Amino acid sequence: MFEKEKAAYMTVEAALVIPIIVGGIVFIMYVGFYLYDAATIKQTAYIAALRGNQMRKFSSCEIENYIDKQVDEMLSRQILSGKIIEKEIKIFQGSITVKIYTEFKMPFAGLEGMENIPGEIIREAEVKRINPMEVIRGARKVNGYQISK
C-alpha cells in the first residue's frame, strides 16, 4: 500500500514541477534572444554610421542610401526574433546618427504580469564626423612640429 501512495506522490510532484522548469528554460531562451538582437542591432547601427563617415566626398543623400544598404545587408540574416525593421538616418555636418527599430515578439506578452516585457528594440549609434588629417595636423601644430606641404 505504501508503494502505491509513493508513486502517486511522485506523479503529482512531477506534474507541478516540470511545467515550471520548462517555462523557466523557455523564458531564459527568450531573454537570450532579446539580448542578442539588441546587441546585434546596436553593433550594426554603429558599424553602418562608421562606414558612412568614411564617405567624405559624397552628398548626404548618397551617404544615407549607402548606410541604408549597409544596415539591410548586415541585418539580413542576423536578427532572430524581429522581422519589422525601420531605420532613421540623420546626417549632420558634425555627426552621423543611425537609429534602428525592430519588434520583438515574446510569447505570453499580453498576459497579466507580463506587461513590462519590451515589445520593441530601439538602438542608436552616433559617430562624430572628423577628418583624420586635420586632427593630426592640428595636434602637430599644438606640439610645435613643422608641417611640410
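The values are calculated or read from the model by the stated rules, or taken from the named source; none is laboratory data. Here the structure is a predicted model, which is why all the values come from computation and not from measurement. Because the Cβ atoms are built from the backbone with ideal geometry, glycine has one as well, and the counts that use them run over all protein chains shown.
Would you confirm whether or not segment 6-17 contains a residue that is modelled with pLDDT of 85 or more, within 13 Å of the chain's Cα centre (by Cα) and part of a helix (DSSP H, G or I)? No.
With respect to (1) at pLDDT 80 or above; (2) surrounded by 12 or more Cβ atoms within 10 Å (Cβ to Cβ), the lone exception for residue 76 is condition (2). Residues in segment 26-83 that are among the hydroxyl-bearing types (Ser, Thr, Tyr) and under 25 Å from residue 105 (Cα atoms): 30, 34, 36, 40, 44, 46, 76, 81.
Scan segment 53-66 and tell me whether some residue there is assigned to a helix (DSSP H, G or I) and exposed (fewer than 14 other Cβ atoms within 10 Å of the Cβ). Yes, there is a match, as at least one residue in segment 53-66 is assigned to a helix (DSSP H, G or I) and exposed (fewer than 14 other Cβ atoms within 10 Å of the Cβ). Filtering 25, 79 for residues that are assigned to a helix (DSSP H, G or I) and either over 25 Å from residue 97 (Cβ atoms) or not basic (Lys, Arg) (or both) leaves a single hit, 25. Name the residues in segment 120-139 that are in a strand (DSSP E or B) and either surrounded by fewer than 11 Cβ atoms within 10 Å (Cβ to Cβ) or in contact with a Gly (Cβ under 6 Å, 6 or more places away or on another chain) (or both), would you? Correct list: 128 only. Taking the condition within 30 Å of residue 132 (Cα to Cα), surrounded by 11 or more Cβ atoms within 10 Å (Cβ to Cβ), at pLDDT 85 or above and hydrophobic (A, V, I, L, M, F, W, C), does residue 45 pass? Yes, satisfied. For segment 92-119, a residue qualifies if it is at pLDDT 80 or above and exposed (fewer than 12 other Cβ atoms within 10 Å of the Cβ), and the qualifying residues are 92, 93, 94.
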